[in-house]
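Peer 1: Shown below is the structure under consideration.
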Amino acid sequence: MIPVYIINGFLDSGKTEFINYTISQPYFQTRDKTLLIVCEEGEVEYDPALLKKSRTSMELVEEEKDFTNANLTALEKKHRPGRIIIEWNGMWNFKDMKLPRNWEVEQQITMIDGSTFQLYYTNMRSLLAEMIRKTEMVIMNRCDGLDEQLPSFKRNLKAVNQQMDVVFENAEGEMSNLFEEDLPYDLKADVIELDDSSYGIWFIDTMDHVERYVGKTFSYLAQVGRPDDYPKGYFLPGRLIMTCCAEDISFFGFACEYAGAEGLRVEEWVKVTARMDLEEWMDYEGKGPVMKAVSIVKVKGPKERVISFS
């Protein structure tokens, strides 16, 4: 298997700069040849001397119709690389990428220009979502002057892919200590009330900062789910959230321990009041957030059953 490293993002998001930096590092200098497949050309170019020094051969694939298994295999036979880097064109739908069977994706990194993120998120959300759905890391650069917007940017990204890391950079480098932001609910309240506008934020922030929430009690409207592999006495109260578009709706919720779980009907609506604990659970590699019911009350469902995360 040939390891493949995918760097994607929209035009002028910093993909070429990132790859240039990577192939110039000492750890990159090996005896293996590298095949760099560039799917779009921006203002920044690759330095021929650097490509030669790093034993990197660059090939340009300008048209999406030419990004085929046959053409990719021909490039592999031509260069005999030990690894492959793909600089993906952000205007091509990432879900349509097909690689030869002996090419194995080792890592995927998505580059985002913070100064244009809101524009792309508003107008090309589906393309952006496909790029980050399976990425391991998003690097958002050019974030100077955007401190107040970054918490919202992070939540929008995490709504699509909860597992990925998100790194923010400004002119001075990586930014830190950004997210002591005000949340749309009072964490000091005896019972923290979550409405439609705050439910998604609560779910995403819990996955990032579970220490803020353990031991606290929450009250929220939820629909009943009960996966087949759940043990007796547990159910899954959650909400349908549209993270990108109508085709991209997912059910978000935390498992809840409740003695009357078997008496609940799947998809009926309940008002949940529950305390969050940390517990070994099948969805986590170790411990994660699990709710402990204080009260579960059956209620009439809301008019708008799907929450839009934006």
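Peer 1: Just to be sure I understand the filter: pairs with C-beta atoms under 6 Å, separated by 6 or more residues or on different chains, first member in segment 285-306 and open to solvent by less than 30 Å² (accessible area, probe 1.4 Å), second member not in a strand (DSSP E or B). Which pairs pass?
Peer 2: 288/281; 289/206; 289/210; 289/254; 290/255; 290/281; 291/254; 296/258
Peer 1: Let me ask something else. So, of the residues in segment 16-48 that are within 16 Å of residue 67 (Cβ to Cβ) and touching a residue at least 40 places away in the same chain (Cβ under 8 Å), which turns out to be most open to solvent (accessible area, probe 1.4 Å)?
Peer 2: Taking segment 16-48 and keeping what is within 16 Å of residue 67 (Cβ to Cβ), we get 35-41.
Narrowing further to those that are touching a residue at least 40 places away in the same chain (Cβ under 8 Å): 35-40.
Numbers: 35: 0, 36: 1, 37: 0, 38: 5, 39: 2, 40: 25 Å².
Looking at residues that are within 16 Å of residue 67 (Cβ to Cβ) and touching a residue at least 40 places away in the same chain (Cβ under 8 Å), I get 40.
Peer 1: Go through segment 242-260 and report how many residues are in a strand (DSSP E or B) and in contact (Cβ under 8 Å) with a residue 24 or more places away in the chain.
Peer 2: Our first condition is that a residue be in a strand (DSSP E or B); within segment 242-260, this holds for 242, 249-253, 256-257.
Subset that is in contact (Cβ under 8 Å) with a residue 24 or more places away in the chain: 242, 249, 251-253, 256-257.
Count: 7.
Peer 1: OK, next. I'm checking my understanding of the structure. Among residues of segment 184-241 that are in contact (Cβ under 8 Å) with a residue 60 or more places away in the chain, under 22 Å from the mean Cα position of the chain (by Cα) and assigned to a strand (DSSP E or B), which one is nearest to residue 157 (Cα to Cα)?
Peer 2: That would be 241.
Peer 1: Considering (1) open to solvent by 40 Å² or more (accessible area, probe 1.4 Å); (2) touching a residue at least 40 places away in the same chain (Cβ under 8 Å); (3) at negative phi, say which one residue 142 fails and leave the rest.
Peer 2: Evaluating residue 142 over (1) open to solvent by 40 Å² or more (accessible area, probe 1.4 Å); (2) touching a residue at least 40 places away in the same chain (Cβ under 8 Å); (3) at negative phi leaves (3) as the failure.
Peer 1: Would you check if residue 294 is of a type outside the set (Asp, Glu) and modelled with pLDDT of 95 or more?
Peer 2: On the way: of a type outside the set (Asp, Glu): yes; modelled with pLDDT of 95 or more: yes.
Judged against the criteria, residue 294 is a match.
Peer 1: Here is a further query. Please enumerate the residues belonging to segment 261-309 that are in a helix (DSSP H, G or I) and hydrophobic (A, V, I, L, M, F, W, C). Quick ask: steps written out before the conclusion?
Peer 2: So in segment 261-309, the residues in a helix (DSSP H, G or I) come out as 261-263.
The one that is in a helix (DSSP H, G or I) and hydrophobic (A, V, I, L, M, F, W, C): 261.
Peer 1: Considering each of 151, 81 in turn, give the residue that is open to solvent by less than 50 Å² (accessible area, probe 1.4 Å) and over 29 Å from residue 239 (Cβ atoms). Full working, then the answer.
Peer 2: Values: 151 fails: over 29 Å from residue 239 (Cβ atoms).
It is 81.
The values are calculated or read from the model by the stated rules, or taken from the named source; none is laboratory data. Values in this document were obtained by computation on a predicted structure and should not be read as measured data. Here the Cβ is made from the backbone with ideal geometry for all residues, glycine too, and neighbour counts use every protein chain on show. Areas reflect the complete protein model, heavy atoms only, side chains present, ligands, DNA and RNA absent. Shrake-Rupley method; radii C 1.70, N 1.55, O 1.52, S 1.80 Å.
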